[in-house]
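Working notes, beginning with the structure itself.
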Amino acid sequence: MSTVETISETTQSVAALSLRSASEGTKAEQPESYRYAHLLPHFSPAHYPPLVPFEHVDPGSRALKHADPRAFLANASSVVELTPRLGTEVRGVSLAGLDSDGRDQLALEVARRGLMVFRDQGEFIDKGPEAYLEWGRHFGRLHVHPTSGHPKDYPQIHLVYRDANSTFNFEINDSITSTVWHSDVSYELQPPGLTTFFLLSQPTTGGDTLFTSQVSTLKKLSPSFVAFLRTLSAVHSGVEQAEFSRSGKRGGIVRREPVEHVHPLVRRHPVTGDEALYVNKQFTRRIVGLKKEESETILKFLYDHIDRSGDLQARVKWEPGTVVLWDNRVTAHSAIVDYGESKERRHGARITPQAERPIPALEGLELPQ
């Protein structure tokens, strides 16, 4: 099938998505009555050049100089640690009302806790796409996803979408599980740091998101093994994701040619200094310098370790008005696709600022330029 045919089919499918009845819950409604119809997935055939490197200064580093780096939580009605190692749930703090200092402090707290869940954020969500971009740019250069849907005219906003008739998620239908641990677009030279995500529409139950601390998964390993892992680097690849889209799934669009980059297996956070395991089954393909069987054995062990570490994980149950922020440098996550039989819609938006090129935990570890 030609590229023109693929784009034509994609345009038709998106038009159908915009015209047909869509489910907010169990009841169908016309898209024009859907409150967030203007944020439904659009698949522009525009093609973008390769990303160019840029200098990133993490805003959390500025908060280290504040007299009280947690001052933005001073008026919170509730601050609860979801688990000892990962995640904090906050009520009574309006993200929409945070000034520059508050956002810096937020970045530092997300780096330290890995994950933060803010409830009752309807004002933030309803501010719309221009406000989303202004918010995200405080934390870094906004990433434009090469294959995902986005609101029309706003390619910097990555959408996840599934309803009774369509899905534009990256799903592996021939697997016994929908759990796919990953750090977003880790194949980029400068992958994301602090990421913001929220649901515009959600199923009555299900569709939770799992998170795990890659700082803690690393700490569980023996010191001698960690010392060895620090000497290693691995290839992260976007090729499979692009080919999945080119096959006609996910929207059928590849706006930027896929890339592969080499990152350290153990990276250091530029603000906290925490060391974190940096591999994920979705994008990591092989360990540089090892033979195939050696690389596959080590990666399989690490993937299994991540999968099994329930004591290092947190599960976010979505409720209307929830905004979740996490640091992609020190966490991994997975959507839970367990709501398909309900025929309900799950419509989410992600704001994804890029950060620095991963810093090796081992000083002097050489990576390809």
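The table that follows gives values for the structure above.
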| item | result |
| --- | --- |
| Residues that are in a loop (DSSP other than H, G, I, E, B) and β-branched (Val, Ile, Thr), drawn from region 304-327 | Thr322 |
| Any hit, region 85-96, residues being under 19 Å from the mean Cα position of the chain (by Cα) and either in a loop (DSSP other than H, G, I, E, B) or surrounded by fewer than 16 Cβ atoms within 10 Å (Cβ to Cβ) (or both) | yes |
| Matching option when the condition is buried (at least 20 other Cβ atoms within 10 Å of the Cβ), at pLDDT 95 or above and in contact with a Ser or Thr (Cβ under 7 Å, 6 or more places away or on another chain), among Val110, Val117 | Val117 |
| Within region 201-253, considering residues that are hydroxyl-bearing (Ser, Thr, Tyr) and in contact with a helix residue (DSSP H, G or I) (Cβ under 6 Å, 6 or more places away or on another chain), the one surrounded by the most Cβ atoms within 10 Å (Cβ to Cβ) | Ser213 |
| Unique match (being charged (D, E, K, R), assigned to a loop (DSSP other than H, G, I, E, B) and closer than 18 Å to Val254 by Cβ) among Asp184, Asp153 | Asp184 |
| Selection within region 328-369 - in a strand (DSSP E or B) and more than 13 Å from the chain's Cα centre (by Cα) | Arg346, His347, Ile359, Pro360 |
| Top-ranked residue in region 20-45 [being over 23 Å from the mean Cα position of the chain (by Cα) and aliphatic (A, V, I, L, M); ranked as modelled with the lowest pLDDT] | Ala22 |
| Matching residues in region 122-134 - criterion: being surrounded by fewer than 20 Cβ atoms within 10 Å (Cβ to Cβ) and of a type outside the set (Asp, Glu) | Gly122, Lys127, Gly128, Pro129, Ala131, Leu133 |
| Every residue from region 97-150 that is in a loop (DSSP other than H, G, I, E, B) and either at positive phi or over 18 Å from the mean Cα position of the chain (by Cα) (or both) | Leu98, Asp99, Gly114, Arg119, Asp120, Gln121, Lys127, Gly128, Gly140 |
| Filter pass, Phe283 being out of contact with any strand residue (DSSP E or B) (no Cβ under 8 Å at 6 or more places or on another chain) and either surrounded by 21 or more Cβ atoms within 10 Å (Cβ to Cβ) or not basic (Lys, Arg) (or both) | no |
| Residues of region 232-255 satisfying the condition of being modelled with pLDDT under 95 and either in a strand (DSSP E or B) or among the charged types (D, E, K, R) (or both) | Glu240, Glu243, Arg246, Lys249, Arg250, Arg255 |
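So that you can scan it fast, the table gives a plain yes or no per residue for (1) outside any helix (DSSP H, G or I); (2) at pLDDT 95 or above; (3) hydrophobic (A, V, I, L, M, F, W, C):
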{"residue": "Ser18", "(1), (2), (3)": "no, no, no"}
{"residue": "His47", "(1), (2), (3)": "yes, no, no"}
{"residue": "Pro50", "(1), (2), (3)": "yes, yes, no"}
{"residue": "Arg62", "(1), (2), (3)": "no, yes, no"}
{"residue": "Ala67", "(1), (2), (3)": "yes, yes, yes"}
{"residue": "Asn75", "(1), (2), (3)": "yes, yes, no"}
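The values are calculated or read from the model by the stated rules, or taken from the named source; none is laboratory data. These numbers come from a predicted model, not from an experiment. Virtual Cβ from ideal backbone geometry, glycine too; neighbours counted across all protein chains shown.
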